[in-house]
Amino acid sequence: MKRFVFGVLAAATLFSAGRVSAQEKGVSFSGGADIVSTYLWRGVYEAGVSFQPTLVMTAGNFSATAWGSVDFASTTYKEMDLTLAYTLGPVTLSLADLYWTGAYTDRESVDRNYFRFGSDSPHRVEVGASWVVSEKVPFTLSWYTVLFGAADVNAEGERAYASYFEVAYPFSVKGVDMKAGVGMVPWNAVGTYGIDRDFYVQNVFLNAGKSWNIKGTESMSIGIFTNLVWNPAMEDVNFVGGFSFRM
């Protein structure tokens, strides 16, 4: 895990230093930022109004993404995710380092220091795979499993290998991009999702958004989006709104 995190950081430094030459070799960079009224992760409430920047490096089928979130209201929530992904046709494989200082790492056995990689590390390393069934029937099936992380425990305090399975379907209505889906947790992963149960549905969502290109620019755009999210396991519902900027 330590080697993985340092490897990603080193790669990010090299990518930044060699941006001009990299672009000439088919490597591209993009970025952006969102402002959301509420930050939800897989149906679970994490923080209130938040600022969420993104930086992406793409080279062919390979991508490296840095994504973060910080709570406007206080300093109690901060997240930093680094994700490596490879897309081969309809299948995308990913490896992510997830670091956050939210409620589920607020335990004595987990240290919040970013550069701590021992048994009390606040990091979680997660593998994932997603599959787009077909162009005509663009259902996306996704599965994610946490491999490492001190807070990845079940109700007995044992390693949970917290997993999440989602089925989503994108569509459009009169120029508005929509997506509906449902996400499930197959076994107890209370340390990650905060719910002390086995199989349950925790994320039923309907998303809508629209973006517009900024005149006079080649690739910049602004957008607005809304997400209606139900969490049956927690008996919770959230209606999220936000603005996005892409470049």
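The values are calculated or read from the model by the stated rules, or taken from the named source; none is laboratory data. Note that the structure is predicted; figures quoted are calculated from it, not measured. Ideal geometry is used to build each Cβ from the backbone, glycine not excepted, and the neighbour counts take in all protein chains shown.
Values for this structure:
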| read-out | value |
| --- | --- |
| Residue among Ile195, Ile222 that alone is more than 26 Å from Ser121 (Cβ to Cβ) and of a type in the set (Val, Ile, Thr) | Ile222 |
| Residue among Arg159, Arg246 that alone is basic (Lys, Arg) and in contact with a Ser or Thr (Cβ under 7 Å, 6 or more places away or on another chain) | Arg246 |
| Residues (of a type in the set (Ser, Thr, Tyr) and at pLDDT below 95) located in the stretch 164-192 | Thr192 |
| Scan of the stretch 73-98 for residues that are more than 30 Å from Gly26 (Cα to Cα) and either in contact with a helix residue (DSSP H, G or I) (Cβ under 9 Å, 6 or more places away or on another chain) or modelled with pLDDT under 85 (or both), ordered by number | Ala73, Ser74, Thr75, Thr76, Tyr77 |
| Residues being aromatic (Phe, Trp, Tyr) and crowded, with 18+ Cβ neighbours inside 10 Å - total across the stretch 46-65 | 0 |
